[in-house]
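Down below is the structure, laid out as structure tokens.
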Amino acid sequence: SAIYELSCEAYKHLGKTSNYYWIDPDGSGTLGPLKVYCNMTEDKVWTTVYHDLQMQTFVGGNSPEKLSVLQLNYSATMDQISAITSSAEYCEQFISYSCKMSRLLNTPEGNPFTWWVGKANEKHYYWGGSGPGIQKCACGIERNCTDPKYYCNCDADYKQWRKDSGMLSYKEHLPVSQVVVGDLDRAGSEAKVSVGPVRCQGDRNYWNAASFVTSSSYLHFSTFQGETSADISFYFKTSASDGVFLENLGNTDFIKLELKSATEVSFSFDVGNGPVEIVVRSPNPLNDDQWHRVNAERNVKQASLQVDQLPPEVRKAPTEGHTRLELYSQLYVGAAGGQRGFLGCIRSLRMNGVTLDLEERAKVTPGVKPGCSGHCTSYGMYCANGGKCVEKYNGYSCDCSKTAYDGPFCIKDVGAFFEEGMWLRYNFHSPGTSVKDLVSRTLLSSADPEITAPDLGLNKEELSFSFSTTKSPCVLLYVSSYTPDFMAVLVNPTGNLQIRYNLGGTKEPYNIDIDHRNMANGQPHTVNVTRNGRDIVLQLDHYPPTSYSLPATSDIQFNSPKALFLGKVIEIGKIDQDIYKYNTPGFTGCLSRVQFNQIAPLKAALRPTNASSHVHIQGELVESNCGASPLTIPPMSAATDPWHLDSASADFPYNGQAIGDGVNRNSAIIGGVIAVVIFTILCTLVFLIRYMFRHKGTYHTNEAKGAESAESADAAIMNNDPNFTETIDESKKEWLI
């Protein structure tokens, strides 16, 4: 049975974080498992396979050979990588050629001096940022090569270092297995070659699904070729109590998987020794409209059936007798031969390592619909911190818009660093709406029937945020109103936290003091305050929650809330004396994941949302996670990782992880000094030139670069071909680095 998941996508939906994982792209097929890096930080998962060619590999220096061949050895076989690229939605591989008197593609007309070899040992004469059949580099497509006569920077044959680089993204040609470099046989010809790892995104097989709408509907495929070994796996989801998943018949031989009852899955077959049936019984019903996984295997020695994580049922084959499964009919998925078919969804159906395209077949079959809804019933729990699970045709996503978090599962903190004197104000009503509309719309969650809008007050609030600071006293957060009512969270001069409520009815504001802990210690702290009428519950960091109660005379209505302040209070009218004192010089430090009822003011400031018009910022807000989010598991150390790449080059356009470990400190200092000297000389030159030409008018022409690049026929082809949608963007990125 499979010990490894089939893809990074599968690990993500087990709630795993970015790391190295073993995946087995064809189940128990011939390929075997391979180790890849799964990056789960975006909506779609990236799978990365590394090779051993150093970045900036040097070739040339007057070598006698005509051609220099660079071989790339991957941490996986070509067949394994093909299994990943074929099921992916998009793949890319960075390639770069730095040259000094060494031409690359020999444009515009000549035969290329350098080429790369891809899948199936084919030679390719296009370069990163370009596409099949276009003998140009990225600069030729964008029309910004250093010499416009050529379509690659290197083809101009300069004596200075030049570079052509970009993404190869035609996935049918990947991965790069060799780079063959020519044009090195002249004195002074040199080149450096860099090739990034193969990165693929998305998994078309994992979500490939069909919904069976009637118990007589079925899909048919060509006969299953499983004579000596069969390995079948799929996910199903149903509310029906029985039905046939799939069946394939021979003269007397057959193979069949079915849901026998709400708690039983059966795997039966006959190879000529009489029918054999293996049944797995589940302690919980399987018709609960959640996804369940089935894995059935049969070979000459034994047969097994596993459902979810339940113990597999195994049956040894008889020592004598027939071993070959001889089938003739078509393979039926769903109702076969008048039996009651399966009602519900089947997805990711793999037979001997090949995923059957249920989705395509369902498009042309009555009674069966492509895709499947209801993924949220199984995976909605991964949307954290109040994120809402949203059904998608193939999968689901988490909507974090009503939360103070970000990222695919709403677990990434959104925070910012405040410098002294900075502040942020969030107005509860946007300019131009009446107060009444506003409060009823934003602060009062419509899901709460107890709160009514006419009196424009809050009987309850929920506030949560994280902060870190080393300076006290300061104002962390303050909620003002159109009346004397306010609420504040402060750090007092001794570094202790204070929560202050003034709702009227008492002479002095009501204070909750946390005396015994210094909160201005530079560590991240989490604060949660919930008030419901008179009752206040405060939770600090991981300590148990404590309860407080407003004095009996206190009003319990927070009247006419107006604005929320972070870092400092700038409000007209009378202000509390202590808060006035704490206001200068203001808060310095980090605030993150701030949420007040339905409002996330920092997120509104840092992410363009429909609430951004409510925000006013004084100073420069710098995004930071404030060290408040849980640390993800670091990738394995170089020592234990057999496929570790030495990252001593800044030629990676990926996640910015490869900023040289190996960079020598002295060389960095020398580089810095040289940069300063050059900068000074340039400034002097600019000053002199401006002085000399100040009477001659300006020489600038502000032509739009984009207008011209789109006129190129190649750019037009690539813009219209879906395979190239990302190529041009990627190549542009490369120049910005």
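Quick one: count up the residues across the range 277-314 that are aliphatic (A, V, I, L, M) and open to solvent by 50 Å² or more (accessible area, probe 1.4 Å). Give the steps one after another, and end with the answer.
To start, the set of residues in the range 277-314 that are aliphatic (A, V, I, L, M) comprises 278-280, 286, 294, 296, 300, 303, 305, 307, 310, 314.
So of that shortlist, the ones also open to solvent by 50 Å² or more (accessible area, probe 1.4 Å) come out as 300, 314.
Going through the range 277-314 one residue at a time, the tally reaches 2.
Identify all residues within the range 194-213 that are hydrophobic (A, V, I, L, M, F, W, C) and under 16 Å from the mean Cα position of the chain (by Cα); write none if there are none.
200
Considering only the range 256-276, I want to know if a residue exists there that is open to solvent by 70 Å² or more (accessible area, probe 1.4 Å), closer than 29 Å to residue 364 by Cα and not in a loop (DSSP other than H, G, I, E, B).
Looking through the range 256-276, at least one residue is open to solvent by 70 Å² or more (accessible area, probe 1.4 Å), closer than 29 Å to residue 364 by Cα and not in a loop (DSSP other than H, G, I, E, B).
Inspect the range 158-170 for any residue being in a strand (DSSP E or B), more than 29 Å from residue 357 (Cα to Cα), of a type in the set (Ser, Thr, Tyr) and in the same structural domain as residue 57 (by the TED database) and give the result as yes or no.
For the range 158-170, residues in a strand (DSSP E or B), more than 29 Å from residue 357 (Cα to Cα), of a type in the set (Ser, Thr, Tyr) and in the same structural domain as residue 57 (by the TED database): present.
Given the residues 120, 191, which is the only one that is in contact with a Gly (Cβ under 6 Å, 6 or more places away or on another chain) and either of a type in the set (Asp, Glu) or assigned by the TED database to the domain that holds residue 56 (or both)?
On the way: 120 fails: in contact with a Gly (Cβ under 6 Å, 6 or more places away or on another chain).
Result of the check over 120, 191: 191.
State the number of residues belonging to the range 144-160 that are open to solvent by 10 Å² or more (accessible area, probe 1.4 Å) and either under 27 Å from residue 91 (Cα atoms) or at pLDDT 90 or above (or both).
So the count comes out to 4.
I'd like the full set of residues that are among the β-branched types (Val, Ile, Thr) and more than 19 Å from residue 73 (Cβ to Cβ), limited to the range 39-57. So that I can check it myself, show each step before the final result.
If we filter the range 39-57 for residues that are among the β-branched types (Val, Ile, Thr), which is where we start, we get 41, 45, 47-49, 57.
If the condition is that a residue be among the β-branched types (Val, Ile, Thr) and more than 19 Å from residue 73 (Cβ to Cβ), then 41, 45 are the ones that fit.
Being touching a Phe, Trp or Tyr at 6+ places or on another chain (Cβ under 9 Å) and over 12 Å from residue 495 (Cβ atoms) is the filter here, so list the residues in the range 467-482 that pass it.
Within the range 467-482, 467, 475, 476, 477, 478, 479, 480, 481 meet the criteria.
For the range 361-389, which residues satisfy the criterion of being assigned to a loop (DSSP other than H, G, I, E, B) and open to solvent by 70 Å² or more (accessible area, probe 1.4 Å)?
If the condition is that a residue be assigned to a loop (DSSP other than H, G, I, E, B) and open to solvent by 70 Å² or more (accessible area, probe 1.4 Å), then 364, 366, 373, 385 are the ones that fit.
Looking for something in contact with a helix residue (DSSP H, G or I) (Cβ under 7 Å, 6 or more places away or on another chain), part of a loop (DSSP other than H, G, I, E, B) and closer than 26 Å to residue 24 by Cα - is there at least one such residue anywhere in the range 413-428?
no
Quick one: which residue in 405, 426 is buried (at least 22 other Cβ atoms within 10 Å of the Cβ) and more than 30 Å from residue 293 (Cβ to Cβ)?
Going through 405, 426 in turn, just one is buried (at least 22 other Cβ atoms within 10 Å of the Cβ) and more than 30 Å from residue 293 (Cβ to Cβ): 426.
Which pairs do you get when a residue that is more than 23 Å from residue 354 (Cβ to Cβ) and in a loop (DSSP other than H, G, I, E, B), found in the range 1-20, comes within reach of a residue that is modelled with pLDDT of 75 or more and open to solvent by 20 Å² or more (accessible area, probe 1.4 Å), reach meaning Cβ atoms under 7 angstrom, with the pair 6+ apart or on two chains?
Once the first residue is more than 23 Å from residue 354 (Cβ to Cβ) and in a loop (DSSP other than H, G, I, E, B) and sits in the range 1-20, its partners that are modelled with pLDDT of 75 or more and open to solvent by 20 Å² or more (accessible area, probe 1.4 Å) give 15/382; 18/41.
Of all residues being among the aromatic types (Phe, Trp, Tyr) and open to solvent by less than 10 Å² (accessible area, probe 1.4 Å) in the range 232-255, which is farthest from residue 300 (Cα to Cα)? Just the residue, please.
236
To keep it simple, each residue is scored yes or no on (1) outside any loop (DSSP other than H, G, I, E, B); (2) of a type in the set (S, T, N, Q); (3) at pLDDT 90 or above.
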residue: 484; (1), (2), (3): no, no, no
residue: 508; (1), (2), (3): no, no, no
residue: 513; (1), (2), (3): yes, no, no
residue: 519; (1), (2), (3): no, no, no
residue: 523; (1), (2), (3): no, yes, no
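Give the number of residues within the range 60-75 that are under 21 Å from residue 167 (Cα atoms) and either open to solvent by 30 Å² or more (accessible area, probe 1.4 Å) or modelled with pLDDT under 85 (or both).
Residues in the range 60-75 being under 21 Å from residue 167 (Cα atoms) and either open to solvent by 30 Å² or more (accessible area, probe 1.4 Å) or modelled with pLDDT under 85 (or both): 3 in total.
Scanning the range 184-205 for residues that are assigned to a loop (DSSP other than H, G, I, E, B) and open to solvent by less than 10 Å² (accessible area, probe 1.4 Å), which turns out farthest from residue 243 (Cα to Cα)?
So, considering only residues that are assigned to a loop (DSSP other than H, G, I, E, B) and open to solvent by less than 10 Å² (accessible area, probe 1.4 Å), the one farthest from residue 243 (Cα to Cα) is 189.
Here is a check on your reading of the model: is residue 556 part of a loop (DSSP other than H, G, I, E, B), in the same structural domain as residue 601 (by the TED database) and over 39 Å from the mean Cα position of the chain (by Cα)?
So residue 556 passes the test.
Tell me, please, whether a residue that is among the acidic types (Asp, Glu), touching a residue at least 40 places away in the same chain (Cβ under 8 Å), assigned to a loop (DSSP other than H, G, I, E, B) and in the same structural domain as residue 242 (by the TED database) can be found in the range 312-335.
Within the range 312-335 (the criterion being among the acidic types (Asp, Glu), touching a residue at least 40 places away in the same chain (Cβ under 8 Å), assigned to a loop (DSSP other than H, G, I, E, B) and in the same structural domain as residue 242 (by the TED database)), the answer is yes, since at least one residue qualifies.
Which residues, counting only those in the range 76-122, are among the charged types (D, E, K, R) and either over 16 Å from residue 168 (Cα atoms) or open to solvent by less than 10 Å² (accessible area, probe 1.4 Å) (or both)?
79, 92, 100, 103, 109
Within the range 607-633, how many residues are in a loop (DSSP other than H, G, I, E, B) and at pLDDT 85 or above? Give the steps one after another, and end with the answer.
First pass over the range 607-633, keeping only residues in a loop (DSSP other than H, G, I, E, B): 607-611, 619-621, 624-633.
Among the residues that remain, those that are also at pLDDT 85 or above are: none.
Looking only at that region, the number is 0.
What number of residues within the range 524-556 satisfy the criterion of being within 19 Å of residue 626 (Cβ to Cβ), touching a Ser or Thr at 6+ places or on another chain (Cβ under 6 Å) and either in contact (Cβ under 8 Å) with a residue 60 or more places away in the chain or open to solvent by 60 Å² or more (accessible area, probe 1.4 Å) (or both)?
Result for the range 524-556: 3.
Testing residue 173 on (1) touching a residue at least 40 places away in the same chain (Cβ under 8 Å); (2) open to solvent by less than 20 Å² (accessible area, probe 1.4 Å); (3) under 30 Å from residue 77 (Cα atoms), one condition comes back false. Which one is that?
For residue 173, the failing item is (2).
In the list 574, 581, which residue meets the criterion of being part of a loop (DSSP other than H, G, I, E, B), at pLDDT below 90 and either over 41 Å from the mean Cα position of the chain (by Cα) or buried (at least 18 other Cβ atoms within 10 Å of the Cβ) (or both)?
574
The values are calculated or read from the model by the stated rules, or taken from the named source; none is laboratory data. The structure displayed is predicted, hence computed values, not measured ones. Backbone-built Cβ (ideal geometry, glycine too); neighbour counts: all protein chains shown. Quick note on the areas: whole protein, heavy atoms, side chains included, nothing else; ligands and nucleic acids left out. Shrake-Rupley method; radii C 1.70, N 1.55, O 1.52, S 1.80 Å.
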